[in-house]
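The values are calculated or read from the model by the stated rules, or taken from the named source; none is laboratory data. This is a predicted model, so every value here is computed, not measured. Neighbour counts run over all protein chains shown; Cβ positions are idealised from the backbone, glycine included. Heavy atoms of the whole protein, side chains included, go into the accessibility calculation; ligands, DNA and RNA do not. Shrake-Rupley method; radii C 1.70, N 1.55, O 1.52, S 1.80 Å.
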Amino acid sequence: MRDVAVIGSGVTKFGKHDVSVLQLLAEASMKALRDSKTTNEKFGMVLVGNMASGEFEGKSGIANALVSDLALEPAFASKIENTSGSGGAAFLAGWLSVASGQSDLSLVAGGERMSSVSTERATEIIASLTHEEEFKQGVTLLSFAGLTARHYMERYAAPREAIAKVAVKNHDNGCLNPNAQFQKRITVEQVLSSPIIADPLRLYDFCPITDGAAALVLAPLEKARSFIGKPVRVAGVGGATDTHVVHEREDLTVMSAVKRAGENAYRMSGKGPKDIEVAELHDMFTLMEIIQSEDLGFFKKGEGWRAVEDGVTSRSGKLPINTSGGLKAKGHPIGATGVAQLAEVTRQLQGVCGDRQVEARLGLACNVAGFGNNAVVSILERT
Amino acid sequence: MDPLVAYRCTKCGQRTYPRHSRCPKCRNGDFVDVKLSEGKVVTHTTLTATRPGFAKPLVLAIVEFDGLRILGQLISSEPRVDMKVRPEIGGLSDSDGARSVGIRFVPK
């Protein structure tokens, strides 16, 4: 297995778009091709992370459509589906394709167009990933969040305000990310007075519904400098699953898919949680960022909320989390998220994040599927 | 009213709900039905953004039956952690067309 590098990235504006997911994927891909200086190169593989192009737009086979649209034939192409972990899973597949020697240049793109249906229909599409016995009860991913939040707060006496502060921090970061869906600051008071959705969680605890795409170009590390000056090395990648049914989890406050995927990625990289200097985590809801930060070993279980309160995870803190704005402020086009997280970590390591730049040599991205069913953790290193 | 039924692995005795093709503990593929009676609420949430065809608001709870946890609708407007409930089979939604029926929990 050879070392792999990310040599370019591209991200569309996240928000509401009037174009198809294919067009969004093409836009992000073109940006990544230009960024990596590979516009005239032959690609071996094109992996596309997307959850539900069939349900949202009635289109299937979008990876093949993208290859032709970009004139990348005869590159092999495939959609990679892992619900909200599709982007991370597409990256894992892209990494494998280059590491194994199967491909000398791979394009990893992720995208979703959700505004083509009503919010109600989008919620139903997302809920369809649950077990039939959960689905028939009327669950949504938001209801699992409410169940988890009540339980976590009672067990660890976590203050409601500290949890709300995750949204405030991420909006603050989003203001400095021109591609983020939301470009306005919010306060803890606004979070805590927003409408109750799944008590004790409120509207501003949750990420929005978004259209958008992101893309990365991967090459063997030994060839990377023939393309660009600042390749970013893939130091570790790991994936794992947890129970499908949420009430079968061993501990409702632990996402062991995140824990195991993290352990796999750390092992491969030869690094540990203390070495990570910037991270993009999957804040589908505020508390979920805190839970992941614990399960990835950054903080003790039940103590992650203190780090938010103390500013440890803000841009000026010891471990900035979600400098992009996270899912909350940047937006969450389902298939795009895992790839967009990696684009942010790549750019932080390349030093091109402008006003939201932090100092980091090693970064981590954690993309979660479903309600913790599956996770992909990737560790990138500045070269 | 039928009491709630869960599934016990014939090899290791582990109880699960819902049913799996293979036991989550020992991967054996054979189960027998077991009846459950009283349970305790572990956590609950009241959902206001409900899906079409479901009660609004909708109260969901994870209930523990002697170590076995199960999620279901809780028929109470004042849910509490540690509340004692019993399971029953009842209506889960009243959408047009097929009426969905399954487990739900009622305060004891």
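Tabulated results
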| item | result |
| --- | --- |
| Test item: Cα-centred dipole of region A:197-337, Lys/Arg +1 and Asp/Glu -1 on Cβ, debye | 700 |
| Karplus 3J(HN,Hα) series, Hz, for region A:254-263 with 6.51 cos²θ - 1.76 cosθ + 1.60 (x for Gly, Pro) | 10, 9, 6, 5, 5, 4, 5, 4, x, 4 |
| Summed buried accessible surface, chains A and B, 1.4 Å probe, nearest 100 Å² | 2600 |
| Euclidean distance between Cα centres, region A:269-321 to region A:114-129, Å | 30 |
| Value of [θ]222 nm, deg cm²/dmol, for the protein assembly as shown, DSSP H segments ≥ 4, -39500 (n - 2.57) each, nearest 500 | -8500 deg cm²/dmol |
| Signed unit charges on C-beta, dipole axis of region A:263-383, positive-most listed residue A:Asn264, A:Gly354, A:Ala365 | A:Gly354 |
| Residue-wise HN-Hα coupling along region A:264-279, computed from phi with Karplus coefficients 6.51, -1.76, 1.60 (Hz; x: Gly, Pro) | 4, 5, 4, 4, 4, 7, x, 10, x, x, 5, 8, 6, 10, 7, 8 |
| Cross-link pairs A:Lys301/B:Lys35; A:Lys31/A:Lys59; A:Lys136/B:Lys108; A:Lys259/B:Lys84; A:Lys31/A:Lys184; B:Lys35/B:Lys56 - those with Cα-Cα distance over 28 Å | A:Lys301/B:Lys35; A:Lys259/B:Lys84; B:Lys35/B:Lys56 |
| Alpha-carbon centroid distance for the pair region A:138-182 / region A:333-361, whole angstrom | 21 |
| Cβ crowding within 10 Å averaged over residues, with B:33-41, A:197-205, A:327-335 ranked highest first | A:327-335, A:197-205, B:33-41 |
| At least 30 Å² of accessible area lost relative to the chain alone, listed for region B:18-47 with a 1.4 Å probe | B:Pro18, B:Thr43, B:His44, B:Thr45, B:Thr46, B:Leu47 |
| Occluded residues from region A:96-126, i.e. those whose accessible area drops by 20 Å² or more once the chain is not alone (1.4 Å probe) | A:Glu120, A:Glu124 |
| Other protein chain Cβ atoms within 10 Å, averaged over every residue that makes up B:54-64 | 4 |
| Distant-in-sequence amide H partners of A:His332 (H built 1.01 Å from N, under 5 Å) | A:Thr210 |
| Label point distance in nm, A:Gln190-A:Arg267, each placed 7 Å from Cα along Cα→Cβ | 4.4 |
| Sequence-distant residues sharing a close amide H with A:Asn82 (under 5 Å, placed H) | A:Asn50 |
| Residue-by-residue Karplus 3J(HN,Hα) for region A:302-316, coefficients 6.51, -1.76, 1.60, Hz, glycine and proline x | x, 10, x, 5, 5, 4, 5, 4, 7, x, 4, 9, 7, 4, 8 |
| Region A:281-335 - percent of accessible surface contributed by carbon and sulfur, probe 1.4 Å | 48 |
| Heavy-atom accessible surface of region A:145-260: percent carbon and sulfur, 1.4 Å | 54 |
| Probe 1.4 Å, protein heavy atoms only - accessible area per residue of the protein assembly as shown in square angstrom | 38 |
| Amide H within-cut-off set for A:Ala5, under 5 Å, with H built and near neighbours excluded | A:Ala219, A:Leu221, A:Val234 |
| Rounded to the nearest 20 debye, dipole of region A:97-197 from Cβ charges on Lys, Arg, Asp, Glu | 380 |
| Residues B:Arg80 and A:Glu124, FRET efficiency given R0 of 30 Å [Cβ-Cβ distance, rounded to 0.05] | 0.50 |
| Residue of A:Val234, A:Val117, A:Val308 that the Gaussian network model of chain A assigns the largest fluctuation, springs spanning Cα pairs under 10 Å | A:Val117 |
| Beta bridges by DSSP in chain A, antiparallel share as percent, to the nearest 5 | 70 |
| Shielding score for A:241-247, defined as the mean number of other chain Cβ atoms within 10 Å | 4 |
| Peptide B:75-82, shielding by other chains (average Cβ, 10 Å cutoff) | 1 |
| Sorted peptide list for A:371-377, A:246-252, criterion being average Cβ within 10 angstrom, highest first | A:371-377, A:246-252 |
| Estimated dipole of chain B in Debye, rounded to 20 [Cβ of Lys and Arg +1, of Asp and Glu -1, Cα centre] | 400 |
